[in-house]
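The values are calculated or read from the model by the stated rules, or taken from the named source; none is laboratory data. Keep in mind it's a predicted model, so treat the numbers as computed, not measured. Note: ideal-geometry Cβ built from the backbone for every residue, glycine included; neighbour counts use all protein chains shown.
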Amino acid sequence: MAWRDDWRRVRAIAKKDVTTELRAKAGFNSVASLGVTILILLGLALGPDAEALRNAAVGAVWLATLFAGVLAFNRSFQVELESGALEPLLQYPGPRWTIFAGKLLGNLIFLTLMVTIVVAAGVVLFGVRIPDRWPSLLGVILLGVVGLVVLGTFYASMASRSRAREVLLPLLLFPMLVPVLLAATTASKALLGADVMHEAGAWIRLLVAYDLVFLIATFIAFEHVIEA
Amino acid sequence: MIPSSDNLRDKSTAAPPPTSIWLGFVSFGAVIAAQVYSILTSPAEGDMGHLQKIMYVHVPAAWMTFLSFFVVLVFSVKYLWQRRENDDLIAASAAEVGATFNGLTLMLGMIWGRPAWGVWWVWDARLTSTLVLFLIFVGYLALRAFTEDAQRKALWSAAVGAIGALNVPIVYMSVKWWRTLHQPPSSPSTLDPRYTMGLRLNAIAMLLVMVYFIRKRYEIARLERAAEHLAEAAAMGGR
């Protein structure tokens with residue numbers, strides 16, 4: 001039952017990361033607060049016209065998620081590096097991809113919680129009306145978060161170990177996330193409105209394809225990246 | 001699992017054969033000849049007048065951008081596969097040259113767009129994805145600049161190069177959808193046969209320049225690497 005052992009490794013790493021965050025809380029609290037702060041600043045910059053704010057809500061929420069989320073990814077590798085734990089982690093038996101999958105799962109939980117707070121703040125601050133198709137909207141948000149977390153975790157595995165990691169990660173990550181940003185914002189806007197052009201479905205398919213392509217690609221590439 | 005640094009050290013202390021100076025002369029001569037030919041033969045275009053001439057640099061530069069990104073992709077994957085240091089240096093050289101052509105494409109496009117469209121920039125699918133491609137190139141080069149260890153630099157940039165190239169068609173498609181679903185794209189202009197010959201000649205000339213630049217940059221990268229290895233060997237106790 002090799003896959004069962006692998007799955008246990010993945011879970012152990014994710015659990016370790018989540019536990020560390022739960023005990024310290026400083027990381028999550030500051031990242032989530034930053035997300036809300038960015039939203040407030042965007043509201044001040046774009047407001048106070050209620051209609052203008054409502055139109056900008058989707059873009060503001062996604063940008064706040066990107067800018068705050070990018071800080072979380074470096075952290076997940078940095079805590080390993082600071083305590084010299086990455087080397088022993090790599091020495092453990094078992095395939096290397098399980099480390100990536102564990103980190104990915106940990107970051108996914110972390111980011112999903114953060115996005116929940118940012119979206120809730122966005123709904124309140126920007127006066128968004130909850131649409132009837134809110135389950136689809138949740139699906140779009142989750143697919144967007146998966147895309148963000150997959151590439152964010154992968155690039156952080158390199159950037160966190162380089163000089164100038166603070167600037168390098170967004171520089172690498174943000175251009176790569178252009179399709180996610182476009183698909184997530186356009187699909188969310190369509191679902192919040194009437195979706196007269198029935199475009200949300202096409203964008204959701206694009207998000208699914210994007211997530212799958214980069215999930216596979218990063219899993220393959222991670223084994224090479226982590227050994228150096 | 002971890003390849004020893006010894007296989008990085010062999011071979012590359014030898015300086016590579018220098019790039020032929022003739023390739024340089026021929027490629028720049030070809031650019032001048034192709035430019036002169038196309039400027040003399042193409043009539044002033046109906047709507048754009050002589051503004052059209054910018055196409056003879058802009059379009060070949062755009063093609064070379066995509067071609068050099070393709071070179072980055074091929075040699076990045078090849079490096080991940082075979083771990084030969086020279087493949088990494090070729091990919092890095094192509095990325096630098098590609099970023100240059102990419103910047104040239106964007107600048108010329110904007111210079112053309114201002115009088116032709118009345119604005120410096122439109123969020124058109126091709127423009128936007130070329131800009132995103134430029135940003136991906138910038139990230140690749142920044143990663144190389146911020147990473148010291150040679151093997152790490154090679155492995156990481158190969159991964160970033162391959163994954164970045166994978167994203168290019170997705171970026172293009174998503175921006176295209178984003179545009180077409182919101183407002184009609186700019187109408188594609190069909191090319192008059194009187195302009196095609198000039199464009200072809202310029203593309204060939206630009207290809208020669210690209211090959212020369214990549215070859216020259218690669219030679220410099222090899223020399224730099226050889227110097228590093230020699231300094232390392234000297235520090236280890238002199239050989």
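Quick look at the values:
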{"read-out": "Among the residues listed as B:ILE54, B:ILE90, the single one being surrounded by fewer than 19 Cβ atoms within 10 Å (Cβ to Cβ), in a helix (DSSP H, G or I) and away from every other protein chain (no Cβ under 12 Å)", "value": "B:ILE54"}
{"read-out": "Condition met for B:ARG217 (within 30 Å of B:SER27 (Cβ to Cβ) and at pLDDT 85 or above)", "value": "yes"}
{"read-out": "Of all residues in the stretch B:68-77 being crowded, with 18+ Cβ neighbours inside 10 Å and out of contact with any Phe, Trp or Tyr (no Cβ under 7 Å at 6 or more places or on another chain), the one that is nearest to the other protein chains (Cβ to nearest Cβ)", "value": "B:SER76"}
{"read-out": "Unmet requirement for B:ARG114, which otherwise passes all of (1) surrounded by 17 or more Cβ atoms within 10 Å (Cβ to Cβ); (2) more than 14 Å from chain A (Cβ to nearest Cβ)", "value": "(1)"}
{"read-out": "Criterion: surrounded by fewer than 18 Cβ atoms within 10 Å (Cβ to Cβ) and touching a residue at least 12 places away in the same chain (Cβ under 8 Å) - qualifying residue of A:VAL208, A:VAL167, A:VAL150, A:VAL146", "value": "A:VAL208"}
{"read-out": "Entirely in the stretch A:75-186, the helices (runs of 4 or more DSSP H) that have 1 or more residues that are under 26 Å from A:THR37 (Cβ atoms)", "value": "A:97-125, A:134-159, A:165-176"}
{"read-out": "Index of the failed condition, A:MET176 passing every other in (1) facing chain B (nearest Cβ under 9 Å); (2) in contact (Cβ under 8 Å) with a residue 24 or more places away in the chain; (3) over 15 Å from B:SER157 (Cα atoms); (4) within 15 Å of the chain's Cα centre (by Cα)", "value": "(3)"}
{"read-out": "Considering residues of the stretch B:152-161 that are within 7 Å of chain A (Cβ to nearest Cβ) and surrounded by 19 or more Cβ atoms within 10 Å (Cβ to Cβ) only, the residue nearest to A:GLY152 (Cα to Cα)", "value": "B:VAL160"}
{"read-out": "Given (1) within 8 Å of chain B (Cβ to nearest Cβ); (2) crowded, with 23+ Cβ neighbours inside 10 Å; (3) more than 21 Å from B:TRP156 (Cβ to Cβ), number of the condition A:MET158 does not satisfy", "value": "(3)"}
{"read-out": "Enumeration of residues in the stretch B:141-151 that are closer than 13 Å to B:LEU89 by Cα and either charged (D, E, K, R) or facing chain A (nearest Cβ under 8 Å) (or both)", "value": "B:ARG144, B:GLN151"}
{"read-out": "Where A:MET114 falls short, out of the listed (1) at pLDDT 85 or above; (2) farther than 26 Å from A:ALA52 by Cα", "value": "(2)"}
{"read-out": "Every residue from the stretch B:130-156 that is within 15 Å of the chain's Cα centre (by Cα) and of a type in the set (Ser, Thr, Tyr)", "value": "B:THR130, B:TYR140"}
{"read-out": "Residue that is in contact with a Leu (Cβ under 7 Å, 6 or more places away or on another chain) and within 30 Å of A:GLY193 (Cβ to Cβ), where the choices are A:ALA45, A:ALA64, A:ALA57, A:ALA32", "value": "A:ALA64"}
